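Read the structure below first, then the notes.
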């Protein structure tokens with residue numbers, strides 16, 4: 001496929017910089033950068049690395065919070081229990097389904113919204129942007145409750161609105177079946193996080209240079225051709241960043257499931273399993289092992305995206 | 001984040017220059033925050049460090065303000081010996097337990113007294129989180145307490161909690177429907193009779209089919225009513241707990257649960273139906289029969305007062321003991337309620353136990369029942385004229401409490417109830433094999449061989 005992209009932006013280093021070396025100024029900038037980012041980096045390490053390492057350590061023990069005296073080292077025993085349990089694989093399946101469905105739908109919808117925002121009249125743009133962002137500003141638990149109330153048989157209005165559709169009656173119990181429950185959970189997620197993707201894509205759209213669009217237009221490219229050959233290839237990095245962030249987020253889904261079904265009808269996600277073992281059962285060892293596996297899955301997704309799609313985050317920032 | 005090419009991050013003097021006043025502002029904010037924290041801490045310790053009366057903190061389940069009022073009354077009655085402050089726990093019982101267990105595991109000194117849902121005392125007692133009840137207190141507070149409540153506050157033959165209020169489910173019926181169906185509600189009725197009557201009259205039989213604690217409550221009542229027990233042989237060692245879920249009684253209970261769920265008269269969305277769903281169903285024109293806690297009575301009266309319900313609706317409410325599983329065996333109604341626990345990490349265990357005696361006095365229990373709708377654990381309270389006036393069904397509640405059976409008492413309650421809810425939900429899927437499957441799951445979970 002022929003695509004049209006600009007050569008990488010020129011480096012902004014002064015011409016007098018010694019060849020192959022770093023100028024005094026960029027060295028000073030680098031040092032300043034570290035000084036500015038340093039405290040945040042240290043705090044990040046404390047609040048993320050420490051709990052992760054502690055979870056890895058606990059996951060090697062049989063440890064119940066109410067029975068600390070009987071804590072015993074069992075090596076990888078907890079992982080063996082989890083990985084041989086059909087419940088774990090069911091939860092992984094549910095999580096993957098939710099992740100794939102929501103991310104794909106959100107990408108398509110989000111791209112549409114980003115186009116609308118970028119093409120809207122200058123005067124409408126701020127209002128439009130704010131309106132589109134509102135769902136993202138809503139707390140997930142609140143959004144989950146709203147969706148639950150909407151579809152609930154006693155408090156909901158959805159059944160009466162959709163009663164004209166075949167298969168939907170005032171007595172349709174959305175949360176009484178696995179697939180309808182998952183449908184509502186996915187809808188709630190999509191409604192809430194599409195704005196996030198559309199905002200990232202809008203930033204990507206802004207990155208596509210107008211000169212390329214004009215050149216393609218002069219060459220007689222149709223709107224569709226310009227979209228596929230010019231716009232999308234030039235914002236590939238932004239698309240990948242949006243997909244990556246959303247996939248990582250979607251894989252950790254918890255709130256919506258907790259509020260809407262509490263895991264009934266086989267709607268438990270991996271995070272939900274971690275919650276039940278750690279918080280409800282206070283089995284810290286087993287729960288930590290579930291969390292560590294969830295963490296590994298997330299790391300795997302991140303690496304998969306970065307290596308598989310050859311995303312260069314530095315390029316996305318315009319540094320190279 | 002993507003940026004336009006060439007716009008690399010480049011700090012300017014301007015942005016650094018502007019930082020100076022910001023730092024000052026931030027410092028001011030940080031100072032204010034520190035002062036706030038310090039003053040808060042000082043205020044919290046204030047009365048103690050100044051030699052004033054100690055402050056007892058009572059972690060309460062949310063209610064209509066009754067526990068806070070009782071705390072104030074008992075603070076006054078202590079003649080300055082102590083003050084009781086209340087601190088509110090999450091709304092649902094699971095959330096309350098989760099918070100208390102985590103705080104107690106961290107040896108949190110801020111907890112003195114706790115309102116514990118009835119199934120939770122064994123777990124906390126076994127872990128050593130509850131201060132032993134002094135024997136004189138134990139003998140005083142267990143006097144005249146209804147049987148089920150006392151049983152739920154006992155672990156390893158010792159009283160570990162102070163019974164405060166006791167809940168039980170009744171069989172509620174619409175007098176008009178029962179009459180039309182020809183049911184004599186003066187006589188004990190069975191689940192089979194209720195299904196038949198509801199089908200005959202095309203009215204709803206409301207129960208709780210949702211995957212939640214209410215499902216365990218129902219299942220336990222069915223198994224106990226059939227003469228069985230969820231835990232056949234109890235033990236503090238999870239490997240030695242023997243379950244009774246494949247017993248004939250449990251199989252019979254499963255059969256009743258299934259029959260009710262597929263009877264076609266439980267209303268729509270039975271598998272997500274909670275106590276509140278049942279209560280609103282019972283207020284509708286399709287209402288026939290319902291098993292539920294007594295709060296439904298107060299709720300209906302409140303709605304009449306607010307003008308959202310006709311007076312004729314509660315006038316049609318009838319009540320009797322929980323339905324039987326088998327005609328000849330008396331039913332074992334569900335038991336709920338709150339026991340008070342005193343934390344082993346409290347700095348004022350003696351005062352805390354003194355306070356629990358005040359909190360659970362007959363006078364306070366009667367006040368709590370009349371104003372907050374929570375039935376008393378002390379049998380004598382039901383003779384109180386105010387209670388009799390507010391609760392025409394007071395005698396039935398007391399009778400039900402005497403016959404009620406607690407849910408399994410075990411330190412591993414969350415595993416047991418979680419396993420039951422997994423296997424017995426949705427109730428329409430329950431078969432004769434469900435008991436054996438639940439037994440296998442819960443045993444495996446207790447042995448640490450399976451996730452829940």
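Worth pointing out:
- For region A:63-135, taking Cα atoms only, Rg and Dmax work out to 23.5, 68 Å respectively.
- Rg/Rh for chain B stands at 1.07; both radii use Cα atoms, and Rh follows the Kirkwood definition.
- Note on region A:182-320: Kirkwood hydrodynamic radius from all Cα pairs is 17.8 Å, rounded to one decimal.
- Rounded to 10°, Cα long-axis angle of helix B:13-49 versus longest principal axis of chain B: 60
- DSSP beta bridges fully contained in the protein assembly as shown are about 70 percent antiparallel.
- Order of B:114, A:235 under a 10 Å beta carbon neighbour criterion, fewest first: A:235, B:114
- Taken residue by residue and averaged, Cβ atoms of other chains lying within 10 Å of the Cβ of B:444-452 number 6.
- Candidates A:219, A:173, A:67: whichever shows maximal mean-square fluctuation once chain A is modelled as a Gaussian network with Cα springs under 10 Å: A:219
- Alpha carbon convex hull of region A:174-253, projected area averaged over orientations, nm²: 6.6
- Relative contact order of region B:340-450, taken over Cα pairs closer than 8 Å and 6 or more residues apart, is 13 percent.
- Top of A:295, A:157, A:196 by mean-square fluctuation, Gaussian network on chain A, Cα under 10 Å: A:157
- Whole-number percent relative contact order across chain B, with pairs defined as alpha carbons under 8 Å at least 6 apart: 24
- Counts of other chain beta carbons within 10 angstrom of each beta carbon in peptide B:89-98 average 1.
- Mean per-residue shielding of peptide A:60-69 is 4, counting Cβ atoms of other chains within 10 Å of each Cβ.
- Principal axis dimensions, region A:165-215 - Cα atoms, whole angstrom, descending: 57, 21, 15
- Expressed as a fraction of 2.2 N^0.38 Å, the C-alpha radius of gyration for region B:299-452 is 1.39.
- Taking only the C-alpha atoms of region B:242-317, Rg followed by Dmax gives 16.0, 52 Å.
- Share of Cα-Cα pairs in chain A lying beyond 28 Å, as whole percent: 57
- Equivalent-ellipsoid semi-axes for the protein assembly as shown (Cα gyration tensor, √(5λ), whole Å, largest first): 55, 34, 26.
- Mean separation of Cα contacts under 8 Å, 6 or more apart, over the residue count of chain A: relative contact order %: 29
- To the nearest ten degrees, helix B:295-306 and the longest principal axis of the Cα atoms of chain B are 80 degrees apart.
- One quarter of the convex hull surface built on the alpha carbon atoms of region A:120-217 amounts to 9.6 nm², the projected area averaged over directions.
- Every helix of 4 or more DSSP H residues in chain A counts as -39500 (n - 2.57), and over all residues that averages to -20000 deg cm²/dmol at 222 nm.
- Using only Cα coordinates, the Kirkwood hydrodynamic radius of region A:230-310 works out to 14.3 Å.
- Fluctuation leader among A:158, A:298, A:103 - chain A, Gaussian network, Cα springs under 10 angstrom: A:158
- Rg(Cα)/(2.2 N^0.38 Å) for region B:101-190, N = residue count: 1.59
- Folded to 0 to 90 degrees: helix B:213-225 orientation relative to chain B principal axis, Cα: 40
- Euclidean distance of C-alpha centroids, region A:192-226 and region B:395-450, integer Å: 58
Taken together, the values in this text are just the output of simple stated rules run on the coordinates, not laboratory data. Remember, it's a predicted structure, so these values are computed and weren't measured experimentally. Please note: Cβ atoms are built from the backbone with ideal geometry, for glycine as well, and neighbour counts cover all protein chains shown.
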